[in-house]
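What follows is a short report on a single structure.
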Amino acid sequence: MTQQGAPRDAPAPMDRGAQNAGREPASEDPVDDVVPRVRTHRVGGYAVVELHGEIDIAGVGSVGPALDAATAGDRPAVIVDLRPTAFFDCSGLGLLCRAHRRVRERGGRMRLVCDDPLILRTLRAGRMLDVLEPVATLDEALGEEEGQVSGGA
């Protein structure tokens, strides 16, 4: 049996199970495992959400739930730290917009820590630089709430 439109002598397509049956099992090498792209911890009254690695369409699924958890409840206080981020595209920008909107709707506060020129350029292109007002260090983000530091990036 051939696919419709395929030449008569073309091999018939195998179903997914048959295609994968001949392959060797996945290695135990940790490089093959899914790398966590988010780490959340508390500093003072803030939930600090560090985004690691590449925040792109493939990473949205692992980062989104952590940002949703950090921005849940009444008056969430969240710091999103992009310093461990190696790559950030419009998918990540969408996540930050959603987190910012959720925090604002719940009467909370959100700070962004970012010192990477390429990520800052992505924020500027998405017209979110002035909205999120990133700072370069975690100390700056924590200090702004106490009025110790003013201004953004």
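The values are calculated or read from the model by the stated rules, or taken from the named source; none is laboratory data. Bear in mind the structure is a predicted one, so any value in this text is a computation, not a measurement. The protein model used for the area step is the full one, side chains on, heavy atoms only, and it has no ligands, DNA or RNA in it. Shrake-Rupley method; radii C 1.70, N 1.55, O 1.52, S 1.80 Å.
Worth pointing out:
- The stretch between His41 and Cys90, if pulled fully straight at 0.36 nm per residue, gains 15.1 nm over its current Cα-Cα span.
- Listed residues Cys97, Cys114, Cys90 arranged by accessible area, highest first, probe 1.4 Å: Cys90, Cys97, Cys114
- Database remark: amide H of Ile79 closer than 5 angstrom to the amide H of Ala47, Val48, Val49, Arg111 (H placed geometrically; neighbours at sequence offset of 5 or more, or on other chains; Pro and chain starts carry no H).
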